[in-house]
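Accompanying notes for the structure given below.
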Amino acid sequence: MIVGYVAGYRGFDISKIDATKLTHINYAFANIIDGRVSFDTARIDDTGRNIDDIRKLNDLKKVNPDLRVLVSVGGWGWSGNFSDAALTDSSRTSFAKSAAEFILATGIDGIDLDWEYPNQVGAGNIHRPEDIENFTLLLEAVRVHIDSLAREQRREMPYLLTIATGGDSAYIANTRLGEASQYLDFINIMSYDLHNGLTSQTGHHSNLFLSEWDSPFGDATERSVTMHLEAGVSPSKLNIGVPFYGRIWRGAEPVNNGLYREARTTGQFIPYIDVMKAIADTAFVRIYDSSACSPFLWNERDSVFISYDDEISLAAKMKWVKDMGLAGVMFWEYAEDPDGKLLEIVVSGLRGEKSN
């Protein structure tokens, strides 16, 4: 699988998407309003534009008939109402019914739930200990309703139900993934932002393996996958997440080329186009941490540290995905790769040949 997120709020020209290189598109995001799956007219999204985007995404099936289009619900900014929606039998039924109705109204192929995060505060969200069990019950309710819709329509292919999961141990501890996975077609692990905008310590934000320079309790893509497997999820249902962007820290301690050192800022988002500018800037030196299979950029003069993925690290991840028998890869997000360079590496790595 190659699952690409498309951010509706970016206003990206959907006609530029190369549908031949994708198996699934996750359109981000829908909100939860009054317990129902909805596009949000009151905030950053506009329902009319969103519906038009979905029509254009569905039209991509003319190029790739096997393409599946899903809408992702929630995300970092819009997960605040998940706990309430999952709380009771009646609230779960209402949410699940709305998910089926949303699928029917938009003509999409399924729903992706991106709850960030069950029983965790996330971006200041309502959260409860009951979320741990209620998340599974919510997934079960959605599965029942979308399967019922598919039967009513005599649909040849079932509707898809997927989730995005956190890549750290806290996510595993606050879910029942083994049980939940029986209701899911696949899981997209957010194995990025492992060092992020909440952390003042520099570090790889999407490393494949634990770095020899990191704490023994540090995070890595391999650890994220291992925790999912140990929780009872089949490898055939797991996609690793790869970032089409970087993280930048300023004022990093000038020790060990800034790697795993305290910085003046937290790890802010940096578009990949700006990563490429930094690579071309002679003030930056590219350093490859072979233990982590992850590169970084270090500007000693200005004490600036940038974590990102490149051709070498992405190729290593694709080989590892195949060696592990995983389902594939998810990436965030399509607009961040304007020349298609990163997606090309993913495609050639998973399919074993250059795409057209």
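For the range 1-36, the set of residues classified as charged (D, E, K, R), more than 24 Å from Glu116 (Cα to Cα) and not in a loop (DSSP other than H, G, I, E, B) consists of Lys16, Lys21, listed by residue number.
Please work out if Asp89 is within 21 Å of the chain's Cα centre (by Cα) and either surrounded by 15 or more Cβ atoms within 10 Å (Cβ to Cβ) or modelled with pLDDT of 95 or more (or both). No.
Does Ser83 satisfy the condition of being among the small types (Gly, Ala, Ser), within 11 Å of Leu138 (Cβ to Cβ) and not in a strand (DSSP E or B)? It is true that Ser83 is among the small types (Gly, Ala, Ser), within 11 Å of Leu138 (Cβ to Cβ) and not in a strand (DSSP E or B). Scanning the range 210-227 for residues that are touching a residue at least 60 places away in the same chain (Cβ under 8 Å) and of a type in the set (D, E, K, R) turns up Glu212, Asp214, Glu222.
For the range 306-322, the candidate set comprises residues that are within 14 Å of Met276 (Cα to Cα) and in contact with a helix residue (DSSP H, G or I) (Cβ under 9 Å, 6 or more places away or on another chain); within that set, the residue that is surrounded by the most Cβ atoms within 10 Å (Cβ to Cβ) is Asp309. Listed by first and then second residue, the pairs linking a residue in the range 262-289 that is under 19 Å from Ser206 (Cα atoms) to a residue that is in a helix (DSSP H, G or I) and charged (D, E, K, R), with Cβ atoms under 7 Å apart and 6 or more places separating them unless they lie on different chains, are Pro271/Glu336; Tyr272/Glu336.
Just one of the listed residues (Ala28, Ala85, Ala96) is touching a His at 6+ places or on another chain (Cβ under 6 Å) and among the aliphatic types (A, V, I, L, M), namely Ala96. Taking the criterion of being in contact with a Leu (Cβ under 8 Å, 6 or more places away or on another chain) and part of a helix (DSSP H, G or I), the residues of the range 139-164 that qualify are Leu139, Val142, Arg143, Ile146, Leu149.
For the range 133-172, the set of residues classified as aliphatic (A, V, I, L, M) and over 25 Å from the mean Cα position of the chain (by Cα) consists of Leu149, Ala150, listed by residue number. Assess whether Asp337 counts as being surrounded by 22 or more Cβ atoms within 10 Å (Cβ to Cβ), touching a residue at least 40 places away in the same chain (Cβ under 8 Å) and among the charged types (D, E, K, R). For Asp337, the condition - surrounded by 22 or more Cβ atoms within 10 Å (Cβ to Cβ), touching a residue at least 40 places away in the same chain (Cβ under 8 Å) and among the charged types (D, E, K, R) - is not met. For the range 113-143, taking the residues that are surrounded by fewer than 16 Cβ atoms within 10 Å (Cβ to Cβ), aliphatic (A, V, I, L, M) and in contact (Cβ under 8 Å) with a residue 40 or more places away in the chain, the one that is nearest to Gly75 (Cα to Cα) is identified as Ala123. Residues that are of a type in the set (S, T, N, Q) and surrounded by fewer than 18 Cβ atoms within 10 Å (Cβ to Cβ) within the range 265-302 comprise Thr265, Thr266, Gln268, Thr282, Ser290, Ser291, listed in sequence order. Confirm whether Leu70 is surrounded by 15 or more Cβ atoms within 10 Å (Cβ to Cβ), touching a strand residue (DSSP E or B) at 6+ places or on another chain (Cβ under 6 Å) and more than 26 Å from Leu138 (Cα to Cα). For Leu70, the condition - surrounded by 15 or more Cβ atoms within 10 Å (Cβ to Cβ), touching a strand residue (DSSP E or B) at 6+ places or on another chain (Cβ under 6 Å) and more than 26 Å from Leu138 (Cα to Cα) - is not met.
One line per residue, one yes/no per condition, for (1) under 18 Å from Leu161 (Cβ atoms); (2) buried (at least 19 other Cβ atoms within 10 Å of the Cβ):
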| position | (1), (2) |
| --- | --- |
| Ile25 | yes, yes |
| Phe29 | yes, yes |
| Ile33 | no, no |
| Phe39 | no, yes |
| Asp46 | no, no |
| Asn50 | no, yes |
| Asp53 | no, yes |
| Pro65 | no, no |
| Ala96 | yes, yes |
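Let's see how each residue does on (1) assigned to a strand (DSSP E or B); (2) within 23 Å of the chain's Cα centre (by Cα); (3) not β-branched (Val, Ile, Thr):
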residue: Asp53; (1), (2), (3): no, yes, yes
residue: Asn58; (1), (2), (3): no, yes, yes
residue: Lys61; (1), (2), (3): no, yes, yes
residue: Asn64; (1), (2), (3): no, yes, yes
residue: Ser72; (1), (2), (3): yes, yes, yes
residue: Trp78; (1), (2), (3): no, yes, yes
residue: Thr93; (1), (2), (3): no, no, no
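Does any residue of the range 15-23 turn out to be out of contact with any Leu (no Cβ under 8 Å at 6 or more places or on another chain), basic (Lys, Arg) and closer than 25 Å to Thr93 by Cβ? No, the range 15-23 has no match at all. The residues listed here are Thr165, Thr199; of these, the one that is among the β-branched types (Val, Ile, Thr), crowded, with 20+ Cβ neighbours inside 10 Å, touching a residue at least 60 places away in the same chain (Cβ under 8 Å) and under 30 Å from Arg264 (Cα atoms) is Thr165.
For the range 272-323, the set of residues classified as of a type in the set (S, T, N, Q), closer than 26 Å to Val225 by Cβ and either in a helix (DSSP H, G or I) or over 20 Å from the mean Cα position of the chain (by Cα) (or both) consists of Ser290, Ser291, Ser313, listed by residue number.
The values are calculated or read from the model by the stated rules, or taken from the named source; none is laboratory data. Because the structure is predicted, anything quoted here is derived from the model rather than measured. Because the Cβ atoms are built from the backbone with ideal geometry, glycine has one as well, and the counts that use them run over all protein chains shown.
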